[in-house]
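Novice: Got a structure for you, written out below as C-alpha cells; questions coming shortly.
The values are calculated or read from the model by the stated rules, or taken from the named source; none is laboratory data. Since the model is a prediction, treat every value here as computed from it, not as a measurement. Cβ placement follows ideal geometry from the backbone for every residue including glycine, while neighbour counts extend to all protein chains displayed. Surface accessibility is based on the protein's heavy atoms, side chains included, excluding ligands, DNA and RNA. Shrake-Rupley method; radii C 1.70, N 1.55, O 1.52, S 1.80 Å.
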Amino acid sequence: GVDLLTVGEALVSLRSSGPLLAGGPLSMHLAGAESNVAIGLARLGHRAAWVGRVGGDELGEFVLRQLRAEGVDTTAVRRDPARPTGLMFLERRTADVSRVQYHRAGSAGSALTVDDLRGPLAAGPRMVHLTGITPALSDSAREAAGWAARAAADAGIPVCLDVNHRAGLWSREAARATLFPLAGYASVVVASTDELDLVAQAGADEAAAAAGLLRRGVRTVLVKLGADGVRAYTAEGVRHVAAVPVTAVDTVGAGDAFTAGYLSGHLDGLDLVDRLGRAVTLGAFAVAGHGDWEGLPRRDELSLITGSAAG
Ligand code: KDG
C-alpha cells in the first residue's frame with residue numbers, strides 16, 4: 001500500500017493578478033486541498049495517492065498530468081465523461097486580499113461515491129487524509145467521506161481530518177452537523193482557531209475544545225495559528241511551535257503544506273516537536289512562494305528554510 005491516501009476534489013484554478021471585473025490574463029493551475037497535501041508528501045519522497053473524479057475533458061487531463069508529474073499515484077482516479085472538471089477563480093483583488101469563486105456545482109469531483117474509495121482503501125494505505133471540503137460537495141461525497149473515515153478507523157488505519165471550512169460551500173451549522181461526528185474517527189485533527197467549534201462542543205475555548213476531541217479518541221489536535229505557528233494538544237499536554245519567519249507572498253495552500261509536513265514527520269517516525277517543525281517549515285515554503293503547491297520543497301531542500309523554536 002501507499003504511505004498516504006487522500007480523497008477529494010481537484011480543481012483547475014484560474015488565477016488573476018488583479019480585479020476580475022477588469023479582465024486581464026489568468027494563469028491556470030492545479031488546486032485542491034487534498035491534492036496539495038498529496039504533492040507535498042510526494043515532493044518529500046513519500047508514496048502518496050490521490051483519489052477522486054475528474055471530468056473526461058481537457059481540464060481533467062490537465063489535473064491528471066500535473067499530479068503524475070509530481071509523482072502522485074492517480075491509479076484509482078475515475079474520469080467521469082458526463083460531468084466537467086471543477087473550476088475556481090482565485091482573484092487577487094488587492095495585494096493582500098484574494099477572493100475565491102467556485103464553479104464546481106455538479107462537477108465530476110462532486111459526484112464522488114463510496115464505490116470510488118473501496119479499492120484504494122482495501123489496498124491498505126498507512127494513513128488516510130480527509131478534509132471538511134469533500135463532505136460539503138454533495139450527498140454522495142459526504143457519504144463517501146464518512147464511509148472512508150469509518151472504514152479506515154475500523155481497519156486500524158490512522159485518519160487525519162483537516163477541517164478546512166469553506167464558507168462558500170455550506171453554512172457553519174451544516175458543516176458542524178457533519179464534521180463533529182467525522183472527527184470522532186480521526187487520530188489527527190487539524191483546524192485553525194476559528195474552525196475548532198465545528199468539531200468541538202459549543203462554547204468551548206481552545207483548550208476545552210482540544211480536550212473534548214482527545215476524550216473522543218483523537219490522539220493529536222493541531223491548532224494552526226498562522227504567523228504564530230501551531231499549538232498541539234496530546235495526552236501529554238500542549239506544545240507550541242513558532243512559525244518560521246519568511247517573506248509571505250501568497251498564503252493560499254499554507255494549511256495544506258502544514259498538514260503535509262506534519263504527516264511526513266509522522267510517516268518518518270519523528271517525535272511531536274520535530275513533526276511540528278516539519279509542518280511549520282512546509283507552511284513557510286508555501287507562503288514564501290506563489291501558487292498552492294508549486295513552491296513546496298523536495299527533501300534535499302528542507303534545510304533552505306529553517307529555525308523553529310519549540311516552547
Ligand atoms: O487549500 C487551498 C484550497 O482552498 C484550494 O486549493 C482550493 O480545495 C480548494 C477549495 O475547495 O477551496
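Novice: Looking at Gly261, is it crowded, with 18+ Cβ neighbours inside 10 Å, modelled with pLDDT of 95 or more and closer than 23 Å to Ala183 by Cβ?
Specialist: So Gly261 fits the description; yes.
Novice: Can you tell me which residue is farthest from Arg299 (Cα to Cα) among those in the stretch 9-30 that are within 16 Å of the ligand (Cβ to nearest atom) and open to solvent by less than 30 Å² (accessible area, probe 1.4 Å)?
Specialist: Ser16
Novice: Here is a list: Val287, Val238, Val249. Which entry is aliphatic (A, V, I, L, M), more than 13 Å from Val37 (Cα to Cα) and within 15 Å of the ligand (Cβ to nearest atom)?
Specialist: Checking each option against the conditions leaves just Val287.
Novice: Filter the stretch 238-281 down to residues that are of a type in the set (S, T, N, Q), more than 23 Å from Asp194 (Cβ to Cβ) and outside any helix (DSSP H, G or I), then give me how many there are.
Specialist: 1
Residues checked against (1) more than 16 Å from the ligand (Cβ to nearest atom); (2) on the phi > 0 side of the Ramachandran plot:
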residue: Val63; (1), (2): no, no
residue: Leu67; (1), (2): no, no
residue: Glu70; (1), (2): no, no
residue: Pro81; (1), (2): yes, no
residue: Leu87; (1), (2): no, no
residue: Val97; (1), (2): no, no
residue: Ser110; (1), (2): no, no
residue: Gly124; (1), (2): yes, yes
residue: Ile133; (1), (2): no, no
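Novice: Which of the residues belonging to the stretch 31-58 are crowded, with 20+ Cβ neighbours inside 10 Å, more than 19 Å from Leu137 (Cα to Cα) and either charged (D, E, K, R) or away from the ligand (no atom under 14 Å from the Cβ) (or both)?
Specialist: Within the stretch 31-58, Leu41, Ala42, Arg43, Leu44, His46, Ala48, Ala49 meet the criteria.
Novice: Something else: For the stretch 216-237, how many residues meet the condition of being crowded, with 22+ Cβ neighbours inside 10 Å and either part of a loop (DSSP other than H, G, I, E, B) or among the small types (Gly, Ala, Ser) (or both)?
Specialist: Of the residues in that region, 3 qualify.
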